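Notes to accompany the following structure.
The values are calculated or read from the model by the stated rules, or taken from the named source; none is laboratory data. Keep in mind that this is a model prediction, so the values were computed, not measured. Glycine gets a Cβ as well: all are built from the backbone with ideal geometry, and neighbour counts include every protein chain shown.
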Amino acid sequence: MRQRFSLSARSASAWLILATLLLSGCANMVQPLERDPWIAPDKGLHLLSGIGLGAAGAAIASSKGASACTANASGVALGFSVGLGKEWRDLHHNDGMPSNRDWLVTILGGIIGAQLVQPCSP
């Protein structure tokens, strides 16, 4: 019998707190807006990476027996986490210049990828 994949409220809260703490460091040292346009080649790479991560996360969770919405959320969470980690790395190793716009585009890609692989309707 397959074991269902689930995320408890306690672990979801822990992830939310961790993300908030990490974001507080990134939010204080973002690139000036004129150096980080919305339409730029790197945004396309972030979008494609997010789509791949979202699709992979949803497919893996689905193969483990997760429901459609749980698999979808897993894909989005993977895009969210990897995007956040990349911007956190930029904060510490790229002249202290993370980009919240890059992170948002990666999350958008994660949502698109997860929805393509495992659609979830409320």
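Just a few scattered comments:
- When the test is whether a residue is surrounded by 18 or more Cβ atoms within 10 Å (Cβ to Cβ) and at negative phi, Asp90 passes it.
- Residue satisfying condition, being modelled with pLDDT of 90 or more and more than 11 Å from the chain's Cα centre (by Cα), within set Ala77, Ala58: Ala58
- Of Gly75, Gly54, all but one fail to be within 24 Å of Ile39 (Cβ to Cβ) and buried (at least 20 other Cβ atoms within 10 Å of the Cβ); the exception is Gly54.
- Residue selection: Ser67 fails the criterion of being loosely packed, with under 14 Cβ neighbours inside 10 Å and either at pLDDT below 90 or not β-branched (Val, Ile, Thr) (or both).
- Entry remark, segment 57-111: residues being more than 24 Å from Ala40 (Cβ to Cβ), in a helix (DSSP H, G or I) and not β-branched (Val, Ile, Thr) number 14 in total.
- Any pair with Cβ under 8 angstrom, 6 or more apart, that starts in segment 28-45 at a residue that is surrounded by 10 or more Cβ atoms within 10 Å (Cβ to Cβ) and ends at one that is at pLDDT 55 or above and assigned to a helix (DSSP H, G or I): Met29/Leu91; Val30/Asn100; Asp36/Arg101; Asp36/Asp102; Asp42/Asp102; Lys43/Arg101; Lys43/Asp102; Lys43/Val105
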